[in-house]
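Notes follow the structure.
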Amino acid sequence: MDVNATTLIIVILILLVSMAVHEVMHAVASLKLGDDTAHSQGRISFNPFVHIDPVFTLALPVLLFIAGAPIFAAAKPVEVNFSRLKWGEFGGAIVGAVGPLSNLVLALLAAGLLQVLGPGVSGLTGDIFIQFIAINIGLAVFNSIPWPPLDGSRVLYAFAPRPLQEFMESIERFGLMGLVLFIFLFYQFLAPYVGNIIVTLTNGLL
């Protein structure tokens with residue numbers, strides 16, 4: 001689709017909905033595993049404004065979209081007291097994994113609905129479905145990268161040797177700034193591979 005105001009609005013709305021689901025799943029999983037921190041902060045809510053980080057949720061993905069780069073975004077992180085979770089580090093891995101998995105489920109549901117509706121879906125409606133699928137796959141793939149504070153890091157942490165865990169902990173102390181560091185230092189090398197994965201998975205569902 002051409003970059004225009006309508007397209008940007010659609011992308012932003014899809015991101016807000018998809019990331020709200022993503023963050024709610026983190027919060028729900030954390031609560032079920034014994035930590036009510038996110039629940040007490042009101043993060044079990046499908047209201048997207050509860051989860052917004054102005055730079056990483058809105059500005060960054062829009063700029064990437066305009067530049068034609070693979071779209072990714074990050075919401076305000078859900079706070080988790082990992083020491084309170086059942087099964088320790090493996091509980092943390094579950095909390096981390098459910099976020100990207102929720103985006104894959106959303107992409108699968110949208111693709112299934114698109115197949116059911118058939119060739120009658122075209123024009124703006126068809127573009128919305130395609131964007132919804134691609135963006136959710138993009139969120140799932142990017143968040144699965146094992147770099148703190150991305151979700152993939154929680155899965156890796158559960159199986160990593162202690163020296164690697166300590167390195168990951170040192171990065172995670174920087175919060176979203178650690179993500180900025182990753183983007184500027186490493187993501188430029190990974191972007192083509194991430195983009196190919198997103199395109200391949202999206203095409204496979206369409």
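Every read-out reported here was derived from the displayed coordinates using simple, explicitly stated rules and does not represent laboratory data. Remember, predicted model here, so these are calculated numbers, not experimental data. Because the Cβ atoms are built from the backbone with ideal geometry, glycine has one as well, and the counts that use them run over all protein chains shown.
Could you please rank K86, K76, placing first whichever residue has the fewest other Cβ atoms within 10 Å of its Cβ?
Working: K86 11, K76 17.
Least crowded to most crowded, the residues run K86, K76.
Quick check on the chain: helices-only [θ] at 222 nm, where DSSP H runs of length 4 and up contribute -39,500 (n - 2.57) each and the sum goes over total residues. Nearest 500, please. Don't skip to the end; give the middle numbers.
On the way: 9 runs with 136 residues, N = 206.
Using -39500 (n - 2.57) per qualifying helix, the result is -21500 deg cm²/dmol.
In whole angstrom, and with the biggest value first, how far do the Cα coordinates of the stretch 5-205 range along each principal axis?
52, 35, 29
Please give the net charge around P148, taking every other residue with its beta carbon less than 13 angstrom from that of P148, where Lys and Arg add +1 and Asp and Glu add -1. Intermediate values should be presented prior to the final figure.
Working: positive: R154, R173; negative: D151, E166, E169, E172.
So the surrounding residues net to -2.
Give the angle, between 0 and 90 degrees and rounded to the nearest 10, that separates the Cα long axis of helix 88-117 from the longest principal axis of the Cα atoms of the chain.
10
For helix 188-205, report the angle its Cα long axis makes with the longest principal axis of the Cα atoms of the chain; keep it between 0 and 90° and round to the nearest 10°.
60
Rounded to the nearest 0.05, what FRET efficiency do N47 and A160 have when you use their Cβ-Cβ distance and R0 = 41 Å?
Values: r = 35 Å, r/R0 = 0.85.
Computed FRET efficiency for N47 and A160: 0.70.
On a 0 to 90° scale, report how tilted helix 162-172 is relative to the longest principal axis of the chain, with both axes built from alpha carbons and the result rounded to the nearest 10.
Once rounded, one gets 60 degrees.
Under the definition of Cα pairs under 8 Å and six or more residues apart, what whole-number percent is the relative contact order of the chain?
Reported as a whole number, the value is 21 percent.
If R0 is 30 Å, what FRET efficiency do you get for H39 and S122 from their C-beta distance, rounded to 0.05? All intermediate terms of the calculation are to be shown ahead of the outcome.
Numbers: r = 42 Å, r/R0 = 1.41.
With a Förster radius of 30 Å, E is 0.10.
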